[in-house]
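Student: Below you'll find the structure I mean.
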Amino acid sequence: MMKTIAVANQKGGVGKTTSTLALASAVANKGYNVCLVDLDPQGSLTLSLGLNPDTLEKTVYNILINELTVDEVALKIGNLTLLPANIDLSAAEIELLNEIGRESILSDILKTISNRFDFVFIDNPPSLNLLTINSLVAADGVIIPIETKFLGLRGISLLLSTIDKVRKKLNRNLEIIGIIPTMSDNTVMSREVLDELKSNVDNITVYKPVKRTVKVVESSVAYKSIVDFKPSSDIAQAYKNIAEDLLKWQKNRA
Ligand SMILES: Nc1ncnc2c1ncn2[C@@H]1O[C@H](COP(=O)(O)OP(=O)(O)O)[C@@H](O)[C@H]1O
Ligand SMILES: [Mg+2]
């Protein structure tokens, strides 16, 4: 059964897009059919895959407003399928506001492809808006990247309580799969944030931290996931280990 994973944190620059692409690639490289949904109007995920968001005429926006089907928008890039985004998506927020069932529009759309994919990974915008809520309603599980630096934990309780509300009111299936501490280094600060994080979240898996490395920036320049760019690096291995956990989670939930 297809499993949908939302990668979310309303803070920007915490590693959502990097983690979405790395985990999706790692899972796709294992032979699974993976669809990526770019739900950020900035189109960073789309850009990471080598496409210029500004020149795209068909995006996830057109699907959300019921203008085009998934097939009309989907792009095949290597072993991944992408529903790309660009700035058009920022209009969706307002346009969908008066729709009946506005929180479950993405969920309904993804149901139409559930027999064709094993996994859907949704990259979210840096906000807790209607787009993010749509992704939480569509998801079976959430992955939360948290930057291990000063103020990195700020906003996490709001995110967790939002997830809780969505679970109670809109999507009883929603599970927090785990937290990925990102951009960790050997500073005292990084370790302190990690310790504080672990002591603050009791029942949530905290994965082994993903280290800060220039390889991530190099991989973006090469338009590749870090997993494909430097497969044997520590960071690729860290993401591959988390991907293994996702596969186990999928099997247990099936
Ligand atoms: N482990 C890492 N080491 C170094 N730079 C990273 C790492 N992870 C992400 N980055 C960089 O940090 C910036 C923000 O990451 P990104 O994944 O775009 O975050 P978000 O999607 O949450 O805004 C990007 O420039 C990205 O290349
Ligand atoms: Mg992003």
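Student: Which residue pairs have Cβ atoms closer than 9 Å, lie 6 or more positions apart in sequence or on different chains, and pair a first residue in segment 118-136 that is free of Cβ contacts under 8 Å to residues at least 40 places away in the same chain with a second residue that is more than 13 Å from ligand 1 (Cβ to nearest atom) and in a loop (DSSP other than H, G, I, E, B)?
Tutor: Here the result reads Leu130/Leu97; Ile133/Leu170, each pair linking segment 118-136 to a residue that is more than 13 Å from ligand 1 (Cβ to nearest atom) and in a loop (DSSP other than H, G, I, E, B).
Student: Quick check on Lys16: is it within 15 Å of ligand 2 (Cβ to nearest atom) and either among the polar types (S, T, N, Q) or at pLDDT 95 or above (or both)?
Tutor: It is true that Lys16 is within 15 Å of ligand 2 (Cβ to nearest atom) and either among the polar types (S, T, N, Q) or at pLDDT 95 or above (or both).
Student: Only one of Ala22, Ala85, Ala26, Ala74 is in contact with a strand residue (DSSP E or B) (Cβ under 6 Å, 6 or more places away or on another chain), within 16 Å of ligand 1 (Cβ to nearest atom) and not basic (Lys, Arg). Can you tell me which?
Tutor: Answer to the check: Ala85.
Student: It is to be established whether one or more residues within segment 93-110 are crowded, with 16+ Cβ neighbours inside 10 Å and within 16 Å of ligand 2 (Cβ to nearest atom).
Tutor: The answer is no, given that none of the residues of segment 93-110 is crowded, with 16+ Cβ neighbours inside 10 Å and within 16 Å of ligand 2 (Cβ to nearest atom).
Student: In segment 4-19, how many are more than 7 Å from ligand 1 (Cβ to nearest atom) and among the β-branched types (Val, Ile, Thr)?
Tutor: 3
Student: Quick test of your reading of the structure: Ile87 fulfils all but one of (1) surrounded by fewer than 19 Cβ atoms within 10 Å (Cβ to Cβ); (2) part of a helix (DSSP H, G or I). Name the failing condition by number.
Tutor: Status for Ile87: all satisfied but (2).
Student: Also, quick follow-up: State whether the residues of segment 186-196 include one that is buried (at least 19 other Cβ atoms within 10 Å of the Cβ) and within 16 Å of ligand 2 (Cβ to nearest atom).
Tutor: Within segment 186-196, none of the residues are buried (at least 19 other Cβ atoms within 10 Å of the Cβ) and within 16 Å of ligand 2 (Cβ to nearest atom).
Student: Moving to a separate point now. Does Phe121 qualify as being aromatic (Phe, Trp, Tyr) and away from ligand 1 (no atom under 16 Å from the Cβ)?
Tutor: Spelling it out, it is not the case that Phe121 is aromatic (Phe, Trp, Tyr) and away from ligand 1 (no atom under 16 Å from the Cβ).
Student: Six or more apart or on different chains, Cβ atoms under 9 Å: show the pairs whose first residue is in segment 228-250 and polar (S, T, N, Q) and whose second is away from ligand 1 (no atom under 14 Å from the Cβ) and at pLDDT below 95.
Tutor: That search, which allows pairs on different chains as well, returns Gln250/Met1.
Student: Sticking with this structure for a sec: How about segment 155-169: which of its residues are within 14 Å of ligand 1 (Cβ to nearest atom) and either modelled with pLDDT under 95 or under 13 Å from the mean Cα position of the chain (by Cα) (or both)? Give the derivation first.
Tutor: Step one: list which residues in segment 155-169 are within 14 Å of ligand 1 (Cβ to nearest atom), which gives 155-156, 159.
Hits for segment 155-169 are Gly155, Ile156.
Student: Only helices (runs of 4 or more DSSP H) wholly contained in segment 1-73 count here; list those with 3 or more residues that are in contact (Cβ under 8 Å) with a residue 12 or more places away in the chain and more than 13 Å from the chain's Cα centre (by Cα).
Tutor: 16-28, 60-64, 70-73
The values are calculated or read from the model by the stated rules, or taken from the named source; none is laboratory data. Just so we're clear, the structure is a prediction, and the values are computed from it rather than from any experiment. Note that we place each Cβ from the backbone using ideal geometry, even for glycine, and neighbour counts take in every protein chain shown.
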